[in-house]
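What follows is a short report on a single structure.
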Amino acid sequence: MTIPLGQPRQPGAPVIKATAIGQAFVGALVDLAQRDVLKDGQPQINANGKPRQELVLTLVAMPATTAPAGIGGDVGTPHPGDVVRLILHGGGFASWIEATRGKPINVGDVVSRVIEHAQAYSASGTPQGGRITDQAQANALPRTTSVGFYGPIAHRAPTPAEAVWVQAAEAAHLERQQRTPLVSVPAAAAGDDEEAPW
């Protein structure tokens, strides 16, 4: 069998964004992988000297999703059935650990997040003011202000009525398995740092 090298890399699935209070994402879990947080190709290090970690969830978007997804400037609301990624670090990673503590995690499980608040940051990344729970207040911030949007992660087993989404997640999982080996994720605690702005 011929295995060509130097082929253009296929882009990953679009990434779910958090850009406004009230945005919701609901998806059926396809796969998950833990990786180092990189900046300019270099791992970011926690105060404890270990690399910061993030969790990449691959999911099939389900109805009720209003959060945008994209890569680069190509952003739009995913349609039900689209494969997307949700990247969790800091507080988001900690929320995932709390949501799944003591529960099995299976392909087809339903993962959701509703954006509940925003946080303004200075240019150096220092939080400015308290939590913002009104989108109009977030919109009124100066354009030079960096703003992160956050909400807790929820995880549950699918209902019988959601069987079609479980089947879609299983099909996507098997297709990914044929392309690349899966990366196992240890039951690790989240990093010590807070979640950075999206």
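Readers should treat all values here as calculations from the given coordinates under stated rules, not as data from a laboratory. Worth saying up front: this structure is predicted, and the values here are computed from it rather than measured. In this analysis, Cβ positions are derived from the backbone assuming ideal geometry, glycine residues included, and neighbour counts consider all displayed protein chains.
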**Q.** Charge dipole of the range 1-160 about the Cα centre (unit charges at C-beta), most positive-ward option of P43, G27, P152
**A.** P43
Q.
Using the Karplus curve 6.51 cos²θ - 1.76 cosθ + 1.60 with θ = phi - 60°, what ³J(HN,Hα) values do you get for each residue of the range 102-118, in whole Hz, with x for Gly and Pro?
A. x, 10, x, 10, 10, 4, x, 4, 8, 10, 9, 8, 10, 6, 9, 7, 10
**Q.** Kirkwood hydrodynamic radius of the range 62-136, Cα pairs, Å
**A.** 15.3 Å
Q.
Could you compute how fast the range 1-157 diffuses translationally, taking Rh as the Kirkwood radius over C-alpha pairs and applying Stokes-Einstein at 20 °C with viscosity 1.002 mPa s? Give it in µm² per second.
A. 124 µm²/s
Q. How large is the charge dipole for the range 1-152, taken about the Cα centre, if only the Cβ atoms of Lys, Arg (+1) and Asp, Glu (-1) carry charge, to the nearest 20 debye?
A. 260 debye
**Q.** Cα point-scatterer Debye curve for the range 113-162, base-10 log of I(q)/I(0) at q = 0.23, 0.24, 0.27, 0.30 Å⁻¹
**A.** -0.83, -0.88, -1.05, -1.18
Q: Note the direction-averaged projected area, equal to a quarter of the hull surface, for the Cα convex hull of the range 12-72, in nm².
A: 5.6 nm²
(Q) List the GluC sites (Glu not before Pro) within the range 27-120 that DSSP assigns to loop and that have no more than 16 neighbouring Cβ atoms inside 10 Å. (A) E116
